[in-house]
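What follows is one structure encoded as structure tokens, with my remarks underneath.
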Amino acid sequence: MTYKTTGTCSQTISFDIVDGKVTNVSFIGGCNGNLKGISKLVEGMSPQEVIDKLEGTTCGFKNTSCPDQLAKALKQAL
């Protein structure tokens, strides 16, 4: 799935859900190293586990963040 983000430096998030697990997460734009780290950390987790951990995360003065946008994308995919 490809998800267009809003309110963040990243523009899109791509991922797959295979056998109930999140895989192949990649962000276009944003803070490269941090987003690579998030992608590796959530690899193999259930979508709901990722949502529970990342939903509501903010970035600076923004009311969202790249991790929060990933949670929103996963909710939409479910």
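What pairs come out if I take residues in the range 19-33 that are closer than 19 Å to Lys53 by Cβ and pair them with residues that are among the charged types (D, E, K, R) and open to solvent by 50 Å² or more (accessible area, probe 1.4 Å) whose C-beta lies under 8 Å away, six or more apart or interchain?
Val22/Asp16; Val22/Glu43; Thr23/Asp16; Thr23/Glu43; Asn24/Asp16; Val25/Glu43
Do we have any residue at all in the range 58-73 that's of a type in the set (Val, Ile, Thr) and in contact with a Ser or Thr (Cβ under 8 Å, 6 or more places away or on another chain)? Working first, answer last.
The first filter runs over the range 58-73 and keeps only residues of a type in the set (Val, Ile, Thr), leaving 58, 64.
Retained after the next criterion (residues that are in contact with a Ser or Thr (Cβ under 8 Å, 6 or more places away or on another chain)): 58, 64.
Looking through the range 58-73, at least one residue is of a type in the set (Val, Ile, Thr) and in contact with a Ser or Thr (Cβ under 8 Å, 6 or more places away or on another chain).
Within the range 5-33, track down each residue that is within 14 Å of Ser65 (Cβ to Cβ) and either open to solvent by less than 70 Å² (accessible area, probe 1.4 Å) or at pLDDT below 95 (or both).
Thr5, Gly7, Thr8, Cys9, Ser10, Ile13, Phe27, Gly29, Gly30, Cys31
In this structure, does Asp16 turn out to be assigned to a helix (DSSP H, G or I) and not aliphatic (A, V, I, L, M)? So that I can check it myself, show each step before the final result.
Working: assigned to a helix (DSSP H, G or I): no; not aliphatic (A, V, I, L, M): yes.
No: the conditions fail for Asp16.
If you go through the range 30-78, how many residues are farther than 18 Å from Thr8 by Cα, in contact with a helix residue (DSSP H, G or I) (Cβ under 7 Å, 6 or more places away or on another chain) and in a loop (DSSP other than H, G, I, E, B)?
1
Please specify each residue of the range 39-78 satisfying the condition of being open to solvent by less than 40 Å² (accessible area, probe 1.4 Å), closer than 18 Å to Lys4 by Cα and over 11 Å from the mean Cα position of the chain (by Cα).
If the condition is that a residue be open to solvent by less than 40 Å² (accessible area, probe 1.4 Å), closer than 18 Å to Lys4 by Cα and over 11 Å from the mean Cα position of the chain (by Cα), then Thr64 is the only one that fits.
Looking at this structure, is Lys36 at pLDDT 95 or above, closer than 17 Å to Gly20 by Cα and surrounded by fewer than 15 Cβ atoms within 10 Å (Cβ to Cβ)? Explain how you work it out, then say what you get.
Working: at pLDDT 95 or above: yes; closer than 17 Å to Gly20 by Cα: no; surrounded by fewer than 15 Cβ atoms within 10 Å (Cβ to Cβ): yes.
No: the conditions fail for Lys36.
Quick check on my filter: what residues within the range 47-78 are under 16 Å from Lys21 (Cα atoms) and among the small types (Gly, Ala, Ser)?
Matches in the range 47-78: Ala71, Ala73, Ala77.
The values are calculated or read from the model by the stated rules, or taken from the named source; none is laboratory data. Since the model is a prediction, treat every value here as computed from it, not as a measurement. A quick note on method: Cβ atoms are made from the backbone with ideal geometry, for glycine too, and the neighbour counts reach across all protein chains shown. With ligands, DNA and RNA removed, areas are computed over all heavy atoms of the protein, side chains included. Shrake-Rupley method; radii C 1.70, N 1.55, O 1.52, S 1.80 Å.
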